[in-house]
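Some notes on the structure that comes next.
The values are calculated or read from the model by the stated rules, or taken from the named source; none is laboratory data. Only a predicted model underlies this, so the values are computations on that prediction, with no experimental measurement involved. So basically every Cβ, Gly included, is an ideal-geometry build from the backbone, and we count neighbours across all protein chains shown.
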Amino acid sequence: MKVLQIRSVSIRYVVGKKEVRAVEDVSFDVQERDVVGLVGESGSGKTTLAHGIMRLLPPNAYFKNGEILLLGKNIVKMKENEVRKYRWKDYSIVFQKSMNALSPVHRVGEQMKEALLIHQPNLSDEQMMKRIRETLDLVRLPSRVIRLYPHELSGGMMQRVMIALALINNPKFVIFDEATTALDVVTQGQILDEIKKLVKDLSLTAMVITHDIGVVSEICNKVAVMYAGRLMEFGPLDKVVYEPLHPYTKALLKSHPDFLEPGEKMMGIPGNLPDLTLPMKGCAFAPRCPYAEKICFSETPKPVEVGERVVACFKVKEVERT
Amino acid sequence: MNILEVKNLKKYFPLRKFGKKHYVRAVDGVSFTVEEKEIIGILGESGCGKSTLGLLISRLELETEGEIKFRDQKISETLRLPKDIRRRIQIILQNPYDSFDPRLTVGDSLFIPLKINQIGDSDDDRRNMILEYMEKSGLTPSKDLYRRYPHELSGGQLQRLSILRAMLLKPDFLVADECVSMLDVSVRADVINLLMDLVQSLDTSMMFITHDISLGRYVSDRILVMYLGKIVEMAPADVIMENPLHPYTRILISYSPTLIKKKTRIPIKGEVQTLLSEPKGCRFAPRCPYAQDVCYQTEPNLVEISSNHFVACHIVEKEAGS
């Protein structure tokens with residue numbers, strides 16, 4: 001079953017007289033129980049896409065076109081008060097900066113209670129406390145956390161509270177937006193393990209947004225690589241990370257020290273992100289791509305299927321051989 | 001020949017809590033040496049004291065106790081050092097937007113240190129020197145960038161400039177404190193390569209502070225792992241990665257997200273704590289899965305287990321001895 005279908009979605013920000021093409025014609029499907037890693041550098045549009053799916057875009061952003069079917073409903077066309085019925089009940093998101101996402105003046109318990117009350121107003125106090133304790137238990141937090149304020153928690157605990165908050169209404173689909181980025185190595189590893197276990201135990205479908213390919217290879221089974229708002233490559237983890245086809249994916253992996261032969265040097269990607277306020281002709285990566293030819297600058301490559309994955313590149317055949 | 005000799009270095013930060021005076025033992029009795037041209041990586045989680053150690057060595061922070069010798073000359077006890085020694089020890093900080101004066105053009109920010117240290121024969125000479133280095137490190141068009149202000153440049157460009165700012169002074173010792181952790185992966189590789197090229201061509205010794213294990217290994221000759229202000233393990237980079245002995249190092253490596261092989265995680269309790277009271281025994285004991293009675297009683301010393309491989313752990317020591 002397809003939990004999420006993204007169909008040629010474009011999202012733009014209006015900034016003064018300019019329009020920033022943050023997400024441009026992105027399409028991919030997320031199957032039930034998939035954990036999809038959305039990878040890209042800053043400015044690649046991965047967070048915009050996630051916030052678009054959650055309908056949490058700021059007022060100056062709008063859907064240019066496309067549709068997003070989440071659990072069978074097209075959320076692009078939905079009215080805000082209808083979105084509110086489903087958001088946080090059927091799908092939720094874990095934000096990057098838990099310090100900013102939690103209210104500093106309310107106890108953790110109160111914040112969790114509110115999330116429950118909005119969607120299940122008939123619950124008794126007892127039932128609510130039971131559910132809160134259960135959810136905290138899921139993320140391995142002691143129930144004393146209920147009475148604490150966010151500032152009394154460590155970074156890892158706060159992030160766990162955020163995850164608990166996202167899971168409190170038993171959602172089917174959860175987005176983890178850089179959920180472990182600000183954490184220390186050991187804490188990050190622990191939380192990744194917990195996410196992995198939760199996804200399995202609760203049959204969650206999830207999307208993990210990160211710039212760290214290491215994180216993706218730890219918990220995802222599929223990877224979507226984005227660059228300058230466009231989807232470059234999408235497919236199973238083993239294929240995309242270990243046998244990358246798109247020149248951008250290749251270059252991205254070459255800049256990670258884990259993949260080097262002894263004595264080999266890390267390689268950056270020369271050049272800069274294109275200006276997203278200008279209409280783009282051709283492939284977004286062409287100006288930085290070592291394989292680029294004339295056609296790459298004049299036409300936009302359509303995503304083509306190569307085995308189990310989708311790659312948006314004219315030169316796939318040649319890249320494959322190298 | 002040692003360029004740097006650190007003996008029993010301590011830095012306590014006073015902290016008032018509930019009216020009582022406490023000390024945060026950021027660096028608590030650290031001793032090591034750095035050889036000429038050596039690159040030593042300092043690895044640890046936040047709060048382990050690695051940045052404080054960097055500040056102490058670059059003489060931006062005064063130690064509480066201990067001795068630092070730079071080429072057999074004592075540089076500890078005071079921050080009033082001869083200009084020449086100041087020039088010889090340079091530091092690159094994490095966030096370049098904070099380490100450049102927003103009201104100076106980046107060119108001026110690079111020019112002033114050269115002028116102060118009378119490097120170059122004339123102002124024109126200095127300016128040409130800066131422009132030449134900017135060209136060499138891919139900061140083109142250099143004349144245009146020279147006149148820009150920090151906010152007009154990208155993080156990658158600015159971090160390259162801060163590397164140049166330090167390296168133009170031809171220092172003998174460079175402290176690089178998380179110098180690429182703010183940057184995107186594709187930019188990170190080039191900045192690291194620039195740093196390594198300059199450090200190697202000028203025969204500079206470097207202290208590379210990072211929390212990224214793969215990067216630490218890629219850059220460093222030798223790695224020093226810190227936990228709560230203490231060195232727990234110190235060995236050549238490849239040795240520590242292939243054969244980590246201290247439980248903390250092993251846990252750290254097992255939890256770091258990586259692309260290569262799946263490792264089995266070593267279970268660990270709790271999170272990094274801030275030490276306020278005088279600790280008894282090994283600082284890692286409360287979280288260590290192998291801790292025995294002795295670990296809570298006496299503090300382990302840093303012992304050379306095999307050639308050039310130092311570990312501070314009772315259990316490792318016992319096993320090696322038997």
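See the values below:
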| item | result |
| --- | --- |
| Residue list for region B:169-189, filter: surrounded by fewer than 22 Cβ atoms within 10 Å (Cβ to Cβ), out of contact with any helix residue (DSSP H, G or I) (no Cβ under 7 Å at 6 or more places or on another chain) and within 14 Å of another protein chain (Cβ to nearest Cβ) | B:Glu178, B:Ser181 |
| Region B:148-166 - residue that is more than 22 Å from A:Leu273 (Cα to Cα) and in contact with a helix residue (DSSP H, G or I) (Cβ under 6 Å, 6 or more places away or on another chain) and, of those, nearest to the other protein chains (Cβ to nearest Cβ) | B:Ile163 |
| Single residue of region B:82-105 satisfying the filter (without any contact (Cβ under 8 Å) to a residue 60 or more places away in the chain and within 25 Å of B:Asp172 (Cβ to Cβ)) that is surrounded by the fewest Cβ atoms within 10 Å (Cβ to Cβ) | B:Asp84 |
| Meets criteria (closer than 21 Å to B:Ser154 by Cβ, polar (S, T, N, Q) and more than 8 Å from chain B (Cβ to nearest Cβ)) for A:Thr181 | yes |
| Any hit, region B:40-52, residues being modelled with pLDDT of 95 or more and over 23 Å from B:Pro279 (Cβ atoms) | yes |
| Pairs where the first residue, in region A:6-20, is at positive phi and the second is hydroxyl-bearing (Ser, Thr, Tyr), C-beta under 8 Å, 6+ apart | A:Ser8/A:Ser27 |
| Per-region count, region B:125-141, residues surrounded by 14 or more Cβ atoms within 10 Å (Cβ to Cβ) and of a type in the set (S, T, N, Q) | 1 |
| Region B:112-147: number of residues that are among the polar types (S, T, N, Q) and out of contact with any helix residue (DSSP H, G or I) (no Cβ under 8 Å at 6 or more places or on another chain) | 3 |
| Criterion: without any contact (Cβ under 8 Å) to a residue 12 or more places away in the chain and either part of a loop (DSSP other than H, G, I, E, B) or among the hydroxyl-bearing types (Ser, Thr, Tyr) (or both) - qualifying residue of B:Pro267, B:Pro300, B:Pro257, B:Pro289 | B:Pro257 |
| B:Lys50 within 14 Å of the chain's Cα centre (by Cα), under 24 Å from B:Val239 (Cα atoms) and not hydrophobic (A, V, I, L, M, F, W, C) | yes |
| Qualifying residues in region B:189-236 (those that are within 15 Å of B:Glu45 (Cβ to Cβ) and among the β-branched types (Val, Ile, Thr)) - the one modelled with the lowest pLDDT | B:Ile213 |
| Residue satisfying condition, being of a type in the set (Lys, Arg) and either crowded, with 19+ Cβ neighbours inside 10 Å or within 14 Å of another protein chain (Cβ to nearest Cβ) (or both), within set A:Lys197, A:Lys130 | A:Lys197 |
| Residue within region A:298-320 that is without any contact (Cβ under 8 Å) to a residue 12 or more places away in the chain, in a loop (DSSP other than H, G, I, E, B) and away from chain B (no Cβ under 13 Å) present | yes |
| Matching helices (runs of 4 or more DSSP H) fully within region B:108-226 where at least 1 residues are in contact with a Lys or Arg (Cβ under 7 Å, 6 or more places away or on another chain) and hydrophobic (A, V, I, L, M, F, W, C) | B:123-136, B:185-201 |
| Failed item, numbered, when A:Phe297 is tested on (1) at pLDDT 90 or above; (2) over 20 Å from B:Ser137 (Cα atoms); (3) under 25 Å from the mean Cα position of the chain (by Cα) | (3) |
| Count - residues of region A:247-288 that are among the β-branched types (Val, Ile, Thr) and more than 11 Å from every other protein chain (Cβ to nearest Cβ) | 2 |
| Count - residues of region B:55-81 that are exposed (fewer than 13 other Cβ atoms within 10 Å of the Cβ) and of a type in the set (Lys, Arg) | 2 |
| Candidates B:Ile213, B:Ile240 - the one that is buried (at least 24 other Cβ atoms within 10 Å of the Cβ), facing chain A (nearest Cβ under 8 Å) and closer than 25 Å to B:Pro300 by Cβ | B:Ile213 |
| Among residues of region B:243-258, those that are within 13 Å of another protein chain (Cβ to nearest Cβ) and either under 23 Å from B:Glu299 (Cα atoms) or surrounded by fewer than 19 Cβ atoms within 10 Å (Cβ to Cβ) (or both), counted | 7 |
| Condition broken by A:Leu138, with the remaining ones in (1) in contact (Cβ under 8 Å) with a residue 60 or more places away in the chain; (2) under 14 Å from A:Val94 (Cα atoms) satisfied | (2) |
| Enumerated strands (runs of 3 or more DSSP E) restricted to region A:1-79, each holding at least 3 residues that are over 23 Å from A:Lys239 (Cα atoms) | A:2-15, A:18-31, A:61-70 |
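Each row is one residue, and each column tells you yes or no for (1) under 25 Å from A:Lys85 (Cβ atoms); (2) surrounded by 16 or more Cβ atoms within 10 Å (Cβ to Cβ); (3) at pLDDT below 95; (4) among the hydroxyl-bearing types (Ser, Thr, Tyr).
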residue: A:Val15; (1), (2), (3), (4): no, no, yes, no
residue: A:Arg21; (1), (2), (3), (4): no, yes, yes, no
residue: A:Asp34; (1), (2), (3), (4): yes, yes, yes, no
residue: A:Gly40; (1), (2), (3), (4): no, yes, yes, no
residue: A:Ser44; (1), (2), (3), (4): no, yes, yes, yes
residue: A:His51; (1), (2), (3), (4): yes, yes, yes, no
residue: A:Leu70; (1), (2), (3), (4): yes, yes, yes, no
residue: A:Lys73; (1), (2), (3), (4): yes, no, yes, no
